[in-house]
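This report refers to the structure that appears directly beneath it.
The values are calculated or read from the model by the stated rules, or taken from the named source; none is laboratory data. Bear in mind that the values here come from a model prediction, so they are computed numbers and not experimental data. Here the Cβ is made from the backbone with ideal geometry for all residues, glycine too, and neighbour counts use every protein chain on show. When the accessible area is computed, the model is the full protein with side chains, heavy atoms only, and any ligands, DNA or RNA have been set aside. Shrake-Rupley method; radii C 1.70, N 1.55, O 1.52, S 1.80 Å.
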Amino acid sequence: MKQVQKISVASEPAAVYYLQVSWEDDIGTGFSLSLSDGQSAWHGRVSEEDISKEAGEMEMKREKYVEELKRALALGTKQADAYSFDLTKDDIEAEDLSFIYEKVLKDVSFRLGSARLCKVQSPAEVIKEMIDFGLVCTAELHVKSELLANENERLLSDQNYILQELEKCVAEKEQLEQELFTRFVLVLNEKKAKIRSLQEKLKEVEATAESAKHHSSYCKFGH
């Protein structure tokens with residue numbers, strides 16, 4: 001595994017450095033560090049024993065200490081505000097550096113660990129390796145970006161289709177409701193007309209019955 005990130009150091013806030021961290025399956029088994037300012041380069045290694053020693057000196061469980069190392073060195077800029085770095089020399093003329101990484105808690109920081117970095121005689125190889133890694137990452141991000149763009153386009157197409165189908169269903173529902181209402185009004189009007197007709201017939205029957213009753217009474221008394 002490998003991670004390259006741009007960092008700044010506390011002793012040289014205006015300077016820009018590039019840090020490459022390489023490790024096998026687990027950073028807790030040890031890792032290599034390469035540092036470059038674009039002209040010179042330094043390289044060092046932190047062993048598994050060094051990690052255990054640092055964890056012991058901090059009185060921190062090794063698993064938790066390894067997690068802090070991952071956040072500080074292997075997550076790039078994602079944890080930039082939570083960790084800081086610095087460089088020191090044994091003396092002004094020394095070419096080797098001591099690379100220090102610290103965890104920041106509000107305005108206080110404490111040292112997580114350090115590594116001895118030796119100056120590389122052929123810095124071009126280290127810088128080239130960092131550039132190659134950056135190009136590979138850029139290419140991978142470009143592929144992922146295209147995949148995401150295609151996926152977004154597909155999702156947008158699906159969304160538009162669903163919206164169209166939804167609008168179609170709403171229109172059909174409104175049309176069906178209108179048709180049902182129209183049929184209901186027709187049936188209701190037919191029922192009303194039938195009721196009126198029956199009422200009129202009932203009145204006619206009642207009138208006929210009443211007339212027959214009067215006629216019958218007249219005939220009875222008249223006789």
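Of note:
- Any chance LEU73 is out of contact with any helix residue (DSSP H, G or I) (no Cβ under 8 Å at 6 or more places or on another chain) and either within 13 Å of GLY113 (Cα to Cα) or free of Cβ contacts under 8 Å to residues at least 12 places away in the same chain (or both): no
- Qualifying residue in the stretch 8-26 (condition: part of a helix (DSSP H, G or I) and modelled with pLDDT of 90 or more): no
- Residues that are within 14 Å of PHE99 (Cα to Cα), open to solvent by 70 Å² or more (accessible area, probe 1.4 Å) and in contact with a helix residue (DSSP H, G or I) (Cβ under 8 Å, 6 or more places away or on another chain), drawn from the stretch 4-36: TYR18
Residues are listed down the side, and each one gets a yes or a no for (1) free of Cβ contacts under 8 Å to residues at least 24 places away in the same chain; (2) part of a strand (DSSP E or B); (3) surrounded by 13 or more Cβ atoms within 10 Å (Cβ to Cβ):
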position: GLY38; (1), (2), (3): no, no, no
position: GLY44; (1), (2), (3): no, yes, yes
position: ASP50; (1), (2), (3): no, no, yes
position: GLY56; (1), (2), (3): yes, no, no
position: GLU67; (1), (2), (3): yes, no, yes
position: SER84; (1), (2), (3): no, yes, yes
position: PHE99; (1), (2), (3): no, yes, yes
position: SER114; (1), (2), (3): yes, yes, yes
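Let's see how each residue does on (1) open to solvent by 90 Å² or more (accessible area, probe 1.4 Å); (2) touching a strand residue (DSSP E or B) at 6+ places or on another chain (Cβ under 9 Å); (3) farther than 30 Å from LEU33 by Cβ:
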site: ILE127; (1), (2), (3): no, yes, no
site: ALA139; (1), (2), (3): no, no, no
site: LYS144; (1), (2), (3): yes, no, no
site: ALA149; (1), (2), (3): no, no, yes
site: ASN152; (1), (2), (3): yes, no, yes
site: TYR161; (1), (2), (3): yes, no, yes
site: GLU167; (1), (2), (3): yes, no, yes
site: ALA171; (1), (2), (3): no, no, yes
site: LYS203; (1), (2), (3): yes, no, yes
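- Boolean, SER145 is among the hydroxyl-bearing types (Ser, Thr, Tyr), assigned to a helix (DSSP H, G or I) and free of Cβ contacts under 8 Å to residues at least 24 places away in the same chain: yes
- Scope the stretch 173-190; condition of a type in the set (D, E, K, R) and open to solvent by 100 Å² or more (accessible area, probe 1.4 Å); matching residues: LYS173, GLU174, ARG183, GLU190
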